[in-house]
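The values are calculated or read from the model by the stated rules, or taken from the named source; none is laboratory data. This one's a predicted model, so the numbers in the text were calculated from it and none came from an experiment. Positions of Cβ are generated from backbone atoms using ideal geometry, with glycine treated the same way; all protein chains shown enter the neighbour counts.
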Amino acid sequence: MRYHNITHDDMLNGDGLRVVLWVAGCDHCCKGCQNPSTWDPEGGLLFDDAAKQEIFEQLDKSYISGLTFSGGDPLFSSNRTAVRQLAEEIKAKYPDKTIWLYTGFTWEAVRNDPVMQYVDVLVDGEFQQETFDANLLWKGSANQRVIDVPESLKKENVVLFCGDYN
């Protein structure tokens, strides 16, 4: 997996203060995307032990709510295995931290992906410039959904996320 950035103390990409991993690789190529520089799967830096340690150092802080995977697309084919492995490791090491994942794929297309057992909130769907609204919470366009993954898996139907887990 490759990545472009790790941001600290982020308040825009999920509930609470978060660390965000911006992965490389996306083939949705949404018109108006805020991160087109992340589309190239060969762009950015190789995700290595130093990058993982940087994330863990942030997650060690009590005020950090969790990790958000964004990009690019964390569910781009070349990212899926590494994202799942990292999510699994984070859930084991930090069970009280939440994992958010942004993807251009819909819930219906990814709900059976093995990574979903580690994701708390999924923001799904391609960004649609024509339905962009700067006032939307945690998403860029009205077609996207902020999904409570554990509840959706349990009920076998989409359950929207309405607030924090604490």
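Laid out as a table, the results:
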read-out: Within region 27-56, considering residues that are charged (D, E, K, R) and under 24 Å from Gln128 (Cα atoms), the one surrounded by the most Cβ atoms within 10 Å (Cβ to Cβ); value: Asp40
read-out: Single residue of Ala109, Ala87 found to be without any contact (Cβ under 8 Å) to a residue 40 or more places away in the chain, closer than 19 Å to Val149 by Cβ and either crowded, with 21+ Cβ neighbours inside 10 Å or in contact with a Ser or Thr (Cβ under 7 Å, 6 or more places away or on another chain) (or both); value: Ala87
read-out: Unique match (being more than 17 Å from Asp148 (Cα to Cα) and free of Cβ contacts under 8 Å to residues at least 60 places away in the same chain) among Gln53, Gln34; value: Gln53
read-out: Pair list, Cβ < 7 Å and 6+ apart or interchain, from region 114-130 residues that are more than 19 Å from Ala82 (Cα to Cα) to residues that are among the hydrophobic types (A, V, I, L, M, F, W, C) and part of a helix (DSSP H, G or I); value: Asp124/Trp107
read-out: Qualifying residue in region 115-134 (condition: at pLDDT below 95 and out of contact with any Ser or Thr (no Cβ under 9 Å at 6 or more places or on another chain)); value: yes
read-out: Residue in region 117-132 that is assigned to a loop (DSSP other than H, G, I, E, B), closer than 21 Å to Asn5 by Cβ and among the acidic types (Asp, Glu) present; value: no
read-out: Search result, residues across region 57-84 that are surrounded by 14 or more Cβ atoms within 10 Å (Cβ to Cβ) and in a helix (DSSP H, G or I); value: Gln58, Leu59, Arg80, Ala82, Val83, Arg84
